[in-house]
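Participant: After the structure tokens below, expect a handful of questions from me.
Nothing in this text is a laboratory measurement; each read-out follows from the coordinates by a stated rule. All figures in this text were calculated on a predicted structure; none of them were measured in a lab. No Cβ is skipped: glycine too gets one built from the backbone with ideal geometry, and neighbour counts run over all protein chains shown.
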Amino acid sequence: MKNKTYICSAGVEWVKNSDGILVVQGKKSQSYLLTGLESALWSWMNLSYSFPRLVSMLAELEGISRPAAGRRLRQILEDWRGKGILEEREIIHG
Amino acid sequence: MISDIFAVPIIDKYLIYAPLHSLATLVDRRGAISLRRAILEADYCPPATIEALLSTLRSPGSAAPQPRIGPINDPYFLGLIPTRLCNLSCLYCDFAGSRQPGSIMKLTTAQEAIEAYFQLARQSDLQEVEVHFFGGEPFFAENVVHFAVAYAESRAQELGLRVRFEATSNGVYNPERCRWIADYFDTIVLSLDGPEDIQEGQRPAKNGRKTAQTVIRNARILSEGPVELVIRSCVTQATVNRLPEIASWIASEFIPSTVCFEALTPSILSKKAGLYPPDPWDFARNFILASDILEEAGIETALSTVVLHNLRTSFCPVGQDALIISPDGSIDACYLMQDDWKRAGLDMHLGWLKDGKFQIDPKAVRRVRNNSVYDKPLCTACLCHYHCAGGCHINHSVAHSGGAYDSLCLQTRLITIASLLKRLGQDSLMHTWLDDRRALEISAWQSTDLLTSRGFFE
């Protein structure tokens, strides 16, 4: 069985400041300020919450259904992949 | 009439303290007698030095603090109890983990509490809000904390509020979690009783695993992060004489803003474990020695009953309209448990979080606010009146007449006096006094500190 997980791309550093989370993609010399929902998701992701747990917390945070939260989460993760700050990995369970 | 002037004998001198006038000074016995006469006798002409003191005392000064009135519109903070569960089995702690149901706060409860609090803050035009987490061990239900912080940050940003986060924690989590705490929290009160042998001896994990190394590692992580670290150390009869050593160890290992040394509050469990509160004289003496060491490292030393920077009518958030939410949505003024209040004949329940709103009973608010120092006969004539304010409403009995001090009173009185002497730059006198048990007893056992009391010098 294969599950997906997400990790920060190589060369990505981030720092929490009073405005949100500043994510720096060193290779592309780009930085992104994540605020609100994105800031919450980034911090939870880095606390190694599983995808289903992220969906459930996002649903509560936004007051939306789990399926809607799942879609929203995938959208955000795709956006981060596009920016090169996140990579998708497959976890292979024996 | 000038009131609230306290006088305490310090060897051959008197410490005069007028908290409402922010005045502390040392005079000799003759000076103290003159001051008393000048206050009580209209036709008495005091010497010039006392006249100068009197002119300060005759100025308006601060108003005596009063319990709050009216509806709750400026809560001291919002308290969230994510769970009463705890992963430690501290030998002296019978207040939470061991006798609490294992409920965990629902995310919606945390969310609704924060929303209701922020709306109240907006209605009251508050700019800053505070969310405090208590337990058990709050991070034992870490997803509640992670969620609540994210929600509060996001909503505060939308509503233009500045939000502070504070938690009281045992420090047992992995480094990744600890770094998150260091990044997101403004203040962490970390329970760390001392070096490994003390910590291990007093605060073992529930499964018997050792935890000292984990807590010490996390104290280092917190020291390096932007969070304010407050170390809280529980002091027992067995550790009291090690306070200077504990202070040196903390100063060399960590970067806390404050170290809070608190004497053990005895419990059934602590007695069973053979742990007893420290002797108050030893505690006071060692507290001051420890505070000298910490001061050199730029670290403040605190005792919860000796808060000199403000005047208060209640020792704790009780009466200051803190709203503390339990996992079941109960809104209380105190984070201790219902059983504890009941045992003390008190009711700290304010209402319920229901349908996303605070449903608070105004009668309950008045009842809770009435727990003030003005209702504590033991405290009426004590110089710590506006600073200690009688200590914990639940655990400290003050239904005695003036002078019937217990251990908590004695150590509070001694440390208050020592702190005032230090403020006056009288370190040398303070240390001479501390080394003189008879002098300490005369100061501490004085039944009334009010200079204007009948027969004060008799």
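Participant: If every alpha-carbon in the protein assembly as shown counts as one equal scatterer, what log10 I(q)/I(0) does Debye give at q = 0.13 1/Å?
Facilitator: So the normalised log intensities are -1.36.
Participant: Over chain B, calculate the relative contact order: mean separation of alpha carbon pairs under 8 Å at least 6 apart, over the residue count, as a percent. Each step should come with its number before you reach the end.
Facilitator: Working: 852 pairs, mean separation 76.9, N = 458.
Reported relative contact order: 17 percent.
Participant: Which pairs break 28 Å Cα to Cα here: A:16/B:210; A:16/A:83; B:206/B:271; B:206/B:354; A:16/B:357; B:342/B:376?
Facilitator: Details: A:16/B:210 32 Å; A:16/A:83 19 Å; B:206/B:271 19 Å; B:206/B:354 34 Å; A:16/B:357 31 Å; B:342/B:376 18 Å.
Too far apart for the 28 Å limit: A:16/B:210; B:206/B:354; A:16/B:357.
Participant: Please report the spacing between the Cα centers of region B:352-391 and region B:249-306 in Å, no decimals.
Facilitator: Cα centroid of region B:352-391 versus Cα centroid of region B:249-306: 26 Å apart.
Participant: For a quick check: sort B:215, A:24, B:307 by the number of other beta carbons within 10 angstrom, fewest at the front.
Facilitator: Values: B:215 24, A:24 15, B:307 18.
Least to most surrounded, the residues fall as A:24, B:307, B:215.
Participant: Which three extents, in angstrom, do the Cα atoms of chain B have along their principal axes, listed largest first?
Facilitator: Here the Cα extents, ordered largest to smallest, are 69, 49, 39 Å.
Participant: While we're looking at this one, here's another question. Return one number: the angle in degrees, 0 to 90 and rounded to the nearest 10, between the long axis of the Cα atoms of helix B:107-123 and the longest principal axis of the Cα atoms of chain B.
Facilitator: Between the helix axis and the principal axis of chain B, the angle is about 50 degrees.
Participant: Sort A:76, B:114 so the one with the fewest other Cβ atoms within 10 Å of its own Cβ comes first.
Facilitator: On the way: A:76 19, B:114 24.
Neighbour counts put them in this order, fewest first: A:76, B:114.
Participant: Of all DSSP beta bridges in region A:4-88, what percent run antiparallel (nearest 5)?
Facilitator: Values: 14 of 14 bridges.
Antiparallel bridges make up about 100 percent of those DSSP assigns within region A:4-88.
Participant: Further question on the same structure: In degrees between 0 and 90, to the nearest 10, how far off the longest principal axis of chain B does helix B:407-423 point, with axes built from Cα atoms?
Facilitator: 70
Participant: Can you give the Rg and Dmax of region B:1-125 based on its C-alpha atoms, in angstrom?
Facilitator: 25.6, 69
Participant: How would you order B:363-370, B:269-276 from highest to lowest mean count of nearby Cβ atoms within 10 Å?
Facilitator: Working: B:363-370: 16.6, B:269-276: 15.1.
Highest to lowest by the protection proxy: B:363-370, B:269-276.
Participant: Run lengths n ≥ 4 of DSSP H only: what is the helix-derived mean residue ellipticity at 222 nm for chain B, with -39500 (n - 2.57) per run over all residues, to the nearest 500?
Facilitator: Numbers: 15 runs with 168 residues, N = 458.
Helix-only estimate at 222 nm: -11000 deg cm²/dmol.
Participant: To test your reading of the geometry: what angle, between 0 and 90 degrees and rounded to tens, separates the Cα axis of helix B:280-296 from the longest principal axis of chain B?
Facilitator: 80
Participant: In square nanometres and to one decimal, what's the mean projected area of the convex hull around the Cα atoms of region A:1-66?
Facilitator: Values: hull surface 22.3 nm².
For region A:1-66, averaging the hull's shadow over all directions gives 5.6 nm².
Participant: Based on Cβ point charges of +1 for Lys and Arg and -1 for Asp and Glu, what charge dipole magnitude is obtained for region B:1-69 about its Cα centre, in debye rounded to the nearest 20?
Facilitator: Details: 7 positive and 6 negative charges, 30 e Å.
The dipole magnitude comes to about 140 debye.
Participant: Still on this structure: Listing B:249, B:445 from the residue with the fewest other Cβ atoms within 10 Å to the one with the most, what is the order?
Facilitator: The order, fewest Cβ neighbours first, is B:445, B:249.
Participant: List the equivalent ellipsoid semi-axes of region B:202-247 in whole Å, largest first, each obtained as the square root of 5λ for an eigenvalue λ of the Cα gyration tensor. Can you show the working numbers first?
Facilitator: Details: eigenvalues 87, 63, 14 Å².
After diagonalising the Cα gyration tensor, the semi-axes are 21, 18, 8 Å.
Participant: Taking the alpha-carbon set of region B:113-261, what are its Rg and Dmax in Å?
Facilitator: 16.9, 51
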